[in-house]
Amino acid sequence: MTISVRLPPPAPHRLRTLLNDLDRRRRHRGAARAIWRLLPEPESWLDVNTGDADFPETARRLFPYTSFDGTDPTPRVAYARAAERVEEAYVGTLTDPHIATAVRGRYDVVSVLDAPASSEEIRTAVTALRPAGLLVMEAPWRPSDETRAYLKSQGCTLVTPSRPLAERLAKTHLLIARRAPGAPR
């Protein structure tokens, strides 16, 4: 005798949340792999608007010896520090003067994912990079001429790798810029 149980279909909001989580993890893995191709062993990495530090946790699989730090306007980053997902936690925005001063010139990689970056945030992220460091941004747009011009004025060059067709059709685009070794701080 076989008993069959029919489970109700998942609620639409639960399914949407599940799909969003899967997409976010896929994008995080893709961003980490793109950096690995350019800089296989960064010493230090700052994740901006890190929240619970989901991205550093994902990236740590490729970069086990990298020191990940995070900044977030909510106390979630402090909990991520307690859970050892990041080594240093900055509660506040990257543009806060005390945070901007603390991170200046400290990182091989700065990532701004999952949230659009303001021009002020991009400026501060560039100053947080060491010479030859990488800035990784995810945005719903291709980089504007203004963004390209600003990055060029700061001694950065776009090094975003060519993407497969599926990524070119994605809703978000990955932008990677390398700061020149002799760029001003």
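The values are calculated or read from the model by the stated rules, or taken from the named source; none is laboratory data. Quick caveat, the model's predicted, so the values are computed rather than measured. With ideal geometry, Cβ positions are generated from the backbone for all residues, glycine too; neighbour counts draw on all protein chains shown.
Remarks
- LEU39 under 24 Å from VAL77 (Cβ atoms) and modelled with pLDDT under 85: no
- Restricting attention to region 41-67 and to residues that are of a type in the set (D, E, K, R) and under 21 Å from ASP21 (Cα atoms), the residue that is surrounded by the most Cβ atoms within 10 Å (Cβ to Cβ) turns out to be ASP47.
- Taking region 68-162 as the region of interest, the strands (runs of 3 or more DSSP E) fully inside it that hold 1 or more residues being without any contact (Cβ under 8 Å) to a residue 60 or more places away in the chain and either surrounded by 13 or more Cβ atoms within 10 Å (Cβ to Cβ) or within 16 Å of the chain's Cα centre (by Cα) (or both) are 88-91, 129-139, 156-158.
- Checked against (1) exposed (fewer than 13 other Cβ atoms within 10 Å of the Cβ); (2) within 22 Å of PRO40 (Cα to Cα); (3) at pLDDT below 85, LEU174 meets all criteria but (1).
- Within region 19-44, the only residue that satisfies the criterion of being of a type in the set (S, T, N, Q) and either part of a loop (DSSP other than H, G, I, E, B) or within 15 Å of the chain's Cα centre (by Cα) (or both) is SER44.
- Taken over region 45-67, the criterion of being part of a loop (DSSP other than H, G, I, E, B) and aromatic (Phe, Trp, Tyr) is satisfied by PHE63, TYR65.
- Residues of region 48-67 that turn out to be within 14 Å of the chain's Cα centre (by Cα), farther than 13 Å from LEU134 by Cβ and not β-branched (Val, Ile, Thr), as a count: 9
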